[in-house]
Each structure stands twice: as C-alpha cells, then as structure tokens.
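Data first, discussion second: the structure below is written as structure tokens.
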Amino acid sequence: KGHHSYNIVENDEFREMIKTCNPKIQLMSRETLVQSIAQDASNIRRILKEMLHDHKFSVTFDHWTSIANVNYLGVTVHYINSDWKLVNACLCCKKHNGDSSSEGIVENLKEVLQEFELESNNMIAAVTDSAANMNSADELLDCPHHYCIAHIIELTTGIAFNLNNSKDVMSKARTLVDYFRSSSQANNLLLELQKGISTPLTVIPDVITRWWSTYLMCERLLKLKCYFNLLENENKLHCNLTVEE
C-alpha cells in the first residue's frame, strides 16, 4: 500500500520497530510477501476479466520515460455498469516493450487488452495526451481517438504566457524566481520579512512538465510583491531588475 520495497520485512530496524509495537507478531519473509502480492494480483486480474466480459469500454493510456530512462506504459479502462455507474480500473503500469513509436505503443496496448480478454471491437474510444507519437497512433487504433481535455486546457492557457507582449514579462518573472532559488541568503531575507505570518511563503518555479506551474509562479509572485518592494527599498534585492520591472 505504501509502495515500499518488498525486502523491508527483512530489515532489522523495521523488525525491531514491529517487535516494539507487538512482540507476538511473526513477520513474513520477503518470498512469502512476494507470493502473497502475486496471488492478490492474479485474483484481481481474474475479477477484472469477469467484470469486463462483453462490456463496451474506453481506455486511457499513456507512455512516459522515467528519470532512470526506462519506458513505461499505463492503461486504464472505463465502462458503465448495469447500475449506470462509471467504473474505472487500472489494467497495467509496466515497463514498455519496444520503441516509443506509435506502432510500438499501440502494439503494447493491444497486448494488454488481450491479457484481459478484451475484444478490440468493444473499445469505443481511446484517450491520450497530444504528444507526437500519440497523434500518429490515431491511424492505428480501431476506435475514435480523443485528447485528454486537461492536457488541452494546459497547452491552450500556456499560449497566453508566451504571446509577444508577455515574453519579456515572463522572462523578468523567472529572473526574480531564479534569484531567490539560487541564493539561500536572499530567500532567508524574504522569509524573515514574513516572520509574523504562520506559513511564510517563498517563490515557486515554473517547470515545463509540471501542470499549471507557470500560473502558480505568477500567482505567488503577486502575493509576495509587497515584500519584494520592501527588499528593494532597503537595497537588498540584487537580481538585475530595475525598480519599475
């Protein structure tokens, strides 16, 4: 449940902690734990197959590369049951076999569907992000292909931050953020000005892969504007910006 590694049950400190809580507990071995999880997974797959049998369904799938440069595929299935309730189930989150081309991704998707005995002619829609390889996957799918609306909204609102009359402003905003993030002394001064506040705030950087981070960066800068003015008035804001900027 906590996504801990299996071998934690053989860790001396972990066993000592459990023994302190309840000396009578006999902890299972790593091998027993792995077998238990594998059995649970097998039971869940069997139940999902029964639930999804002959159902019309849609899928959401994604492909990404981890920080260790390992490719992964995630697939979630959606359907409406006999009580008219929307049901969602994660079919897999596993290492992706093959290349990152649209052909390789769709092939992996079909392998997952086959594993759960899902007929492709029952798949009424597929939802993905709008990455180039997902765009190309459109022609290889046996059903309508839709983009994730959250991705589209994120991309659309991002345009507003990159219009010609916004670029200079955003560049200066990032200069201000970088200044406080690169200088612990400057950041401490900013926090010190807020010592009467229960939760002092610092700047938020925008990261291209983090949703809404540009908006959050701007929102935070506006909240901290009065403190930037105080630092500027005391000649303690040395980030290559003018007073007007």
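What to note about this one:
- Taking all pairs of distinct alpha-carbon atoms in region 103-212, Kirkwood radius in angstrom: 18.3
- Among TRP64, TRP212, TRP84, residue whose mean-square fluctuation peaks in a GNM of the chain (springs only between Cα atoms under 10 Å): TRP84
- Candidate lysines - alpha carbon under 16 Å from LYS94, same-chain residues fewer than 8 apart omitted: LYS110
- Cα gyration tensor shape for region 1-64, rounded if a/c is under 1.5, else prolate or oblate: prolate
- Residue-span extension gain [GLU103 to MET51] - 0.36 nm each, minus C-alpha spacing: 15.9 nm
- Counting only DSSP beta bridges with both residues in the chain, the antiparallel share comes to about 70 percent.
- The label point for ILE80 and the one for GLN114, both projected 7 Å from the Cα toward the Cβ, are 3.1 nm apart.
- Region 57-193 - percent of accessible surface contributed by carbon and sulfur, probe 1.4 Å: 52
- For region 185-227, the extents of the C-alpha atoms along the principal axes are 33, 19, 17 Å, listed from largest to smallest.
- Region 12-101: projected area of the alpha-carbon convex hull, averaged over directions, in nm²: 10.2
- Average accessible surface area per residue within the chain, 1.4 Å rolling probe, Å²: 68
- Taking the chain as a Gaussian network of alpha-carbon nodes connected by springs under 10 Å, the highest mean-square fluctuation of the residues ASN22, ASN187, ASN88 belongs to ASN22.
- Rounded to the nearest 10 degrees, the inclination of helix 102-115 to the longest alpha-carbon principal axis of the chain is 50 degrees.
- Estimated translational D of the chain in µm²/s (Stokes, Kirkwood radius over Cα pairs; 37 °C; 0.692 mPa s): 142
- Over the chain, DSSP H runs of length four or greater, each weighted -39,500 (n - 2.57), average out per residue to a 222 nm ellipticity of -14500 deg cm²/dmol.
- Modelled spin labels at LEU201 and ARG220, positioned 7 Å past Cα toward Cβ, are 1.0 nm from each other.
- Label-to-label distance, nm, for residues given as LEU241 and ILE18 (7 Å Cα→Cβ offset): 5.3
- The order of the peptides 170-182, 229-241, 33-45 by mean Cβ neighbours within 10 Å, most packed first, is 170-182, 229-241, 33-45.
- Of all DSSP beta bridges confined to region 33-172, the antiparallel ones make up roughly 70%.
- Using alpha-carbon coordinates, inclination of helix 30-52 to the longest axis of the chain, degrees: 80
The values are calculated or read from the model by the stated rules, or taken from the named source; none is laboratory data. Predicted model, so just to flag it, every value in this text is computed and none were measured. Methodologically, a virtual Cβ is constructed for each residue, glycine included, from the backbone with ideal geometry; neighbour enumeration extends over all protein chains shown. Ligands, DNA and RNA are stripped out before the accessible areas are found, and what is left, the full protein with its side chains, is counted by its heavy atoms. Shrake-Rupley method; radii C 1.70, N 1.55, O 1.52, S 1.80 Å.
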